[in-house]
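Comments concern the structure below.
The values are calculated or read from the model by the stated rules, or taken from the named source; none is laboratory data. From a predicted model like this one, the values you see are computed outputs, not experimental measurements. Note that we place each Cβ from the backbone using ideal geometry, even for glycine, and neighbour counts take in every protein chain shown. Quick note on the areas: whole protein, heavy atoms, side chains included, nothing else; ligands and nucleic acids left out. Shrake-Rupley method; radii C 1.70, N 1.55, O 1.52, S 1.80 Å.
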Amino acid sequence: MKERLEYVDIAKGIGIVLVVCSHTHALDLMWLFMGMFVPIFYFCSGYTYSQRDTFLKSMKNRFVKLFVPYLFFNFVLFLVFWSFSLREFVGMLYSRYCLYPLGVTPNIRFLTSGNYPMWFLTSMITTYFFFSLITYNERYKYAIMVFYALLAYIFTLCPILLPWSLDTAPLTALVMYAGMESRKHELIKTNVWIVILLIGIYICLQYVGGEMNLSARMYGSSVLIYFVLAVFGSFIVLWASRYLQGTLVGRLFTALGRHSLTIFSIEIAFIVLAKDVYRWVFPDMELGYFAGVFEILLALIGGWMVSILIHKNKILSKIVYVS
């Protein structure tokens, strides 16, 4: 059984709060984190990575652990939103929010049953494949990484968003590798003044980075700037998470981090519920930041409770989380 690192769970907890925030009316509150709030999960996965099995066995395990919950929560949301159209099933297989990049009109939307955040699960599968090609080819790893960097840029020219995030996987695999190298060289022990410097660089780059959305292959003004933001931002959060260990805030983020997969998958159902409740309680008020905070709380608490209930059911837990 792989040892859990509390500060990694805390970092994931911070990440899932930001992910949920990005889907609510409180989106404007997190502009500073646009470059890292999703990449942090790839970075943390690389940070905790250990190579124990053969390439094929490792990929099989990763696929099962991610794809089974992907299917399960998709069908749960189909039931919740009572949507069983052909487009929904095609979208589930394609696993992208839309066919063309955002801003292109007309466009074709796929994931419309509250399941659009789940592109991340299939993206993680694809990313692990690209990442494993680096770790299982030590002799050629630098050549592979250079190729990935070129591929990441070339894919920005692709007119459509590719299924299972094939077009963003080369870049996220590099982020995952950066996480692994960070653990290998114990960069978490970096001096505070260096971290402050990184924070300064991150803020400056975020100002010039432009609009970013990894799910839609939007890297802002530059793929390179996005990559630096992803790595620096993820590292800063992970570094800071060590100082939250043992605190009440740290324990709250740890709980969220350990249940982030479920929260990631079903957050939209609770966000929609929160909007309906808010409109019922405050019929004359517009949906704004206050409503966004309510959406965030309900999504986090609701997703956490669902995850707890699934884990308490031994049969269902083994099915969903392949434990």
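Counting only the backbone N, which residues of segment 1-36 are under 11 Å from the spot 7 Å out from the Cα of residue 308 toward its beta-carbon?
Backbone N within reach: none found.
Whenever you get a sec, compute what percent of the accessible area on segment 251-295 sits on carbon and sulfur atoms (1.4 Å probe).
Carbon and sulfur together cover 67 percent of it.
When the chain is fully extended, how far beyond the present Cα-Cα distance does residue 28 get from residue 195, taking 0.36 nm per residue of separation?
Gain on extension, residue 28 to residue 195, equals 57.6 nm.
Calculate for the chain the 222 nm mean residue ellipticity that helices alone would give, adding -39,500 (n - 2.57) per DSSP H run of length 4 or more and normalising by residue count, nearest 500 deg cm²/dmol.
-21500 deg cm²/dmol
Residue by residue, what Karplus-based ³J(HN,Hα) values in Hz, rounded to whole numbers, does segment 76-81 have, using 6.51, -1.76 and 1.60 with θ = phi - 60° and x for Gly and Pro?
These are the phi-based 3J(HN,Hα) values: 4, 6, 4, 6, 4, 8 Hz.
So what are the three principal axis dimensions of segment 31-89 from its Cα atoms, in whole Å, longest to shortest?
41, 38, 16
State, to one decimal in nm², a quarter of the convex hull surface area for the C-alpha atoms of segment 103-254, i.e. the direction-averaged projected area.
Dividing the Cα hull surface by four gives the mean projection, 11.2 nm².
In a Gaussian network model over the chain where Cα atoms closer than 10 Å are linked, find which of 165, 95, 307 has the largest mean-square fluctuation.
307
What do you get when you divide the Cα radius of gyration of segment 143-191 by 2.2 N^0.38 Å, with N the number of residues?
1.42
Taking just the alpha-carbon atoms of segment 52-159, what radius of gyration and Dmax come out, in angstrom?
When restricted to the Cα atoms of segment 52-159, Rg and Dmax are 16.7, 51 Å.
Rank-order 220-229, 185-194 by packing density, defined as the average count of other C-beta atoms within 10 Å over each peptide's residues, highest first.
Highest to lowest by the protection proxy: 220-229, 185-194.
What is the count of Lys pairs in the chain whose alpha carbons sit under 23 Å apart, if the two are 8 or more places apart or on different chains?
Lysine pairs meeting both conditions in the chain amount to 24.
In a solvent-free Debye calculation with one equal scatterer on each Cα, what is log10 I(q)/I(0) for segment 179-323 at q = 0.15 Å⁻¹, listed in the order of the q values?
Each listed q corresponds, in turn, to -1.10.
Counting only heavy atoms of protein chains, what accessible area per residue, in Å², does the chain have with a probe of 1.4 Å?
Each residue of the chain exposes 50 Å² on average to a 1.4 Å probe.
On full extension of the chain, what length is gained from residue 107 through residue 50, given 0.36 nm per residue of separation minus the C-alpha to C-alpha distance?
Taking 0.36 nm per residue and subtracting the Cα distance, the gain is 16.5 nm.
How large is the translational diffusion coefficient of the chain in µm² per second when you combine the Kirkwood radius over alpha carbon pairs with Stokes-Einstein at 10 °C and 1.306 mPa s?
For these conditions, the coefficient is 78 µm²/s.
What distance in nm lies between label points placed 7 Å from Cα along the C-beta direction at residue 289 and residue 63?
Between residue 289 and residue 63, the simple spin-label model gives 4.7 nm.
At a 1.4 Å probe radius, carbon and sulfur cover how many percent of the accessible area of segment 2-109?
Heavy-atom surface of segment 2-109 belonging to carbon and sulfur, 1.4 Å probe: 66 percent.
Give me Rg over Rh for segment 199-271, both radii from the alpha carbons and Rh done the Kirkwood way, two decimal places.
Over the Cα atoms of segment 199-271, Rg/Rh equals 1.06.
If the elastic network links every pair of Cα atoms under 10 Å, which of 46, 288, 233 fluctuates the most in the Gaussian network model of the chain?
288
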